[in-house]
Amino acid sequence: MSAPASAPAPLPVPDGDVLSRIASWCREPDHRNSYLADLRRLVEQESPSDDKPLLDATADLLQELLSERLGDPSRTVRHRDPELGDVIEAEYDGTADGATVTVVGHYDTVWPAGTTAEWPFTLADGTVSGPGAFDMKAGLAQGMWALRALRELGLPRPTVRFVFNGDEETGSVVSRPLIERATDGAVATLVLEPGGEWGIKAGRKGVGIFTLTATGLEAHAGLDPAKGASAIHALADVIRDLVAAAAPERGTTVNIGRISGGTARNVIAGEATCLVDVRVSTQEEIERVDRVLAGLAAADPRVTITVAGGWNRPPMQPGPGGRRLFALADGVATHIRAPLAELFVGGGSDANFVAALGRPVLCGMGATGDGAHARHEHVLVADLPDRVALTAGTLLGLAGEQGAARE
């Protein structure tokens, strides 16, 4: 009988003196101010997920910034889409043979065109605010400056494959297969989503996006009520049943985000719909919720219930490779400033796709701040240099890693 395979050796944390050099370089006022200037350009270039011309202009700006800060990529491709944001792949050769790290970030935001007119980029009281500053344009700039730091200091570095997508906020329908392909064979994937505090998101919930539709029979509410079968009444009952399936103690939540239906006050509704958001922590909960959805039915047999949609992102749970990667980042962070908090959050990201394939991934490498998708969205300026240094130090630690540690 063969012996069980031993766990992979921990990733070596770079020398503390070298990490101090990286942190000092990142904290230099000129470098910090240039980083902030790049962030300002990104925020002022609006990029709502549903505005193709603005998305294209933002993709153009990202390619321009990459060339300005890092020179022309060794390899680049822009995957164009007629409706959603293009996906940019830009690869910079490293000094370590065989080691490639994929760095992922999205440039689309939830903010509609024109938001910057009333809420411009603002640097005040130790924070940067503006639409998309926290989620996640600060992270995009951070990734570029992290690689620049290693190059300027003459330190070893892996080949870095940047993947910037413009459809994350709407589910990454176009970019998901491209991200999955771009992370194949990489020793690690770093996702530049915001970190929230001095920590990294080691786990995320899976996300289900569903539309429930009830189809009944219209009738006059006063003259012929018995001839009608209300889709709205049936949908209300079904919503109650679905919401009752939530199990917060197991990490499962259900939210009905919007309801629509009917035609007039005195008409029994012939149709009604609702939009449903489900978050789960495990595959077992996905299967349970699927059974609940499949069993939804109206009490009135004249009303039919249909369920459309599906699971947009699987749960992200740290496996052995992910924990090995976290240990490296934690060691880097401890030298730079302090140990990292290991965060588990309800929101999904493109990291979920990578983790589901058994590939080592860290999410939340981006800015410290708060207010994603809210008017108080902001980034803490004091943390920006250390976040850049954390990413740079993690890349340095991966420079000699030539075998991807599968989960």
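The values are calculated or read from the model by the stated rules, or taken from the named source; none is laboratory data. Predicted, not measured: the structure shown is a model, and the values here were computed from it. Counting neighbours? That spans all protein chains shown, and the Cβs are built from the backbone with ideal geometry, glycine included. Calculation scope for accessible area: heavy atoms of the full protein, side chains included, ligands and nucleic acids excluded. Shrake-Rupley method; radii C 1.70, N 1.55, O 1.52, S 1.80 Å.
Taking amide H positions as placed 1.01 Å from N in the peptide plane, with prolines and chain starts having none, which residues 5 or more places from Glu197, or on another chain, fall under 5 Å of its amide H?
For Glu197, whose amide H was placed from the backbone, the distant partners under 5 Å are Gly369.
Report, in order of residue number, the helices in the chain meeting two criteria: a C-alpha extent of 15 Å or more along the helix axis, and a mean Kyte-Doolittle hydropathy of at least -0.5; treat each whole DSSP H run as one helix.
Details: long enough: 16-27 (16 Å, 0.12); 29-44 (22 Å, -1.06); 52-70 (27 Å, 0.06); 138-152 (21 Å, 0.19); 231-243 (18 Å, 1.21); 283-294 (17 Å, -0.67); 320-336 (24 Å, 0.31); 384-398 (22 Å, 1.00).
Helices meeting the criterion: 16-27, 52-70, 138-152, 231-243, 320-336, 384-398.
In whole Hz and in residue order, list the ³J(HN,Hα) couplings for region 155-161 that follow from phi through the Karplus curve 6.51 cos²θ - 1.76 cosθ + 1.60, θ = phi - 60°; x for Gly and Pro.
9, x, 8, x, 5, 10, 10
Taking K and R as +1 and D and E as -1, what net charge do the other residues with C-beta under 12 Å from the C-beta of Ile179 add up to? Let's see the in-between values first.
Numbers: positive: Arg161, Arg176, Arg181, Arg313, Arg359; negative: Glu89, Asp167, Glu168, Glu180, Asp184, Asp350.
Residues near Ile179 contribute -1 overall.
Ordered by packing density, taken as the mean number of other Cβ atoms within 10 Å over each peptide's residues, highest first, how do 255-262, 103-110, 197-204 rank?
Numbers: 255-262: 12.5, 103-110: 26.9, 197-204: 21.8.
Going from most to least packed, we get 103-110, 197-204, 255-262.
If I take every Cα pair under 8 Å that is 6 or more residues apart in region 170-328, average their sequence separation and divide by the length, what percent do I get for the relative contact order? Provide the component values of the computation, followed by the final result.
On the way: 272 pairs, mean separation 52.2, N = 159.
In percent, rounded to a whole number, it is 33.
Run a plain Debye calculation on the chain (Cα atoms as equal point scatterers, no solvent) and give log10 I(q)/I(0) at q = 0.06, 0.12 Å⁻¹, rounded to two decimals, same order as the q list.
Scattering profile of the chain, log10 relative to I(0): -0.28, -0.93.
Write out the GluC sites (Glu not before Pro) in region 85-134 meeting two conditions: DSSP loop, and at most 11 other Cβ atoms within 10 Å of their Cβ.
On the way: sites: Glu89, Glu91, Glu118; in loops: none.
Here no GluC sites (Glu not before Pro) fit, given the DSSP loop and packing criteria.
Between Val361 and residues 5 or more places away or on another chain, which pairs have amide H atoms under 5 Å apart, with H built 1.01 Å from N, and which residues are they?
Hits under the 5 Å cutoff: Thr189, Gly322.
Normalised by the residues of the chain, what does the relative contact order come to in percent, with Cα pairs under 8 Å and at least six apart? Let's see the in-between values first.
Details: 942 pairs, mean separation 99.9, N = 407.
Once normalised by length, the contact order is 25 percent.
Relative contact order of region 55-164: what whole-number percent is it, with Cα pairs under 8 angstrom and at least 6 residues apart?
Working: 151 pairs, mean separation 39.9, N = 110.
Computed value for region 55-164: 36 percent relative contact order.
Ratio of Rg to Rh for region 181-274, alpha carbon only, Kirkwood? Walk me through the intermediate numbers first.
Working: Rg = 21.5 Å, Rh = 17.1 Å.
For region 181-274, the value is 1.26.
May I ask for the distance between the Cα centers of region 293-354 and region 206-238, given as a whole number of Å?
Taking the Cα centre of region 206-238 as reference, the centre of region 293-354 is 32 Å away.
Need the list of lysines near Lys137 for cross-linking: C-alpha distance under 19 angstrom, and skip anything on the same chain fewer than eight residues off.
Lys52, Lys201
For His79 and Asn255, calculate 0.36 nm times their separation in residues minus their Cα-Cα distance, and state this gained length in nm to one decimal. Spell out each step's value before the answer.
Values: separation 176, 0.36 × 176 = 63.36 nm, distance 3.40 nm.
Result for the pair: 60.0 nm of gain on full extension.
Tally up the carbon and sulfur contribution to the accessible surface of region 108-164 as a whole percent, 1.4 Å probe, everything protein left in place. Before the final figure, lay out the partial values.
Values: 830 of 1720 Å².
It is 48 percent, rounded to a whole number.
Label-point separation (nm) for Glu68 and Asp97, each offset 7 Å from Cα along Cα-to-Cβ?
Label-label distance for Glu68 and Asp97, simple model: 3.8 nm.
Place the peptides 343-356, 222-235 in order of packing, highest mean first, counting for every residue the other Cβ atoms within 10 Å and averaging per peptide.
Details: 343-356: 22.3, 222-235: 17.3.
My ranking of the peptides, most packed first, is 343-356, 222-235.
Farthest toward the dipole's positive end in the chain, which of Pro385, Ala124, Gly71, given Cβ charges of +1 (Lys, Arg) and -1 (Asp, Glu) about the Cα centre?
Pro385
With the chain treated as a Gaussian network of Cα nodes joined by springs under 10 Å, which of Gly393, Gly98, Gly154 yields the largest mean-square fluctuation?
Of Gly393, Gly98, Gly154, the Gaussian network model singles out Gly154 as fluctuating most.
7 Å from Cα along Cα→Cβ at both Ala244 and Thr306: what's the point-to-point distance in nm?
2.6 nm
Would you mind getting the accessible area per residue of the chain, heavy atoms of the protein chains only, 1.4 Å probe, in Å²?
Here the residues of the chain average 41 Å² of exposed surface.
Rounded to the nearest 0.05, what FRET efficiency do Leu275 and Arg181 give with R0 = 30 Å and r taken as the Cβ-Cβ distance? Could you check? Could you put the intermediate results ahead of the total?
Working: r = 31 Å, r/R0 = 1.02.
My answer for the efficiency is 0.45.
Carbon and sulfur atoms: what percent of the 1.4 Å accessible area of region 293-390 do they account for?
Numbers: 2010 of 3560 Å².
Using a 1.4 Å probe with all protein chains present, region 293-390 comes out at 56 percent carbon and sulfur.
What size of dipole, in debye to the nearest 20, comes out for the chain about its Cα centre when the only charges are +1 on Lys and Arg C-beta atoms and -1 on Asp and Glu C-beta atoms? Show your work: numbers first, answer last.
Values: 37 positive and 54 negative charges, 148 e Å.
That gives the chain a dipole magnitude of about 700 debye.
Taking a quarter of the surface of the convex hull around the Cα atoms of region 83-143, what do you get in nm²? Before the final figure, lay out the partial values.
On the way: hull surface 25.3 nm².
So the Cα hull casts an average projection of 6.3 nm².
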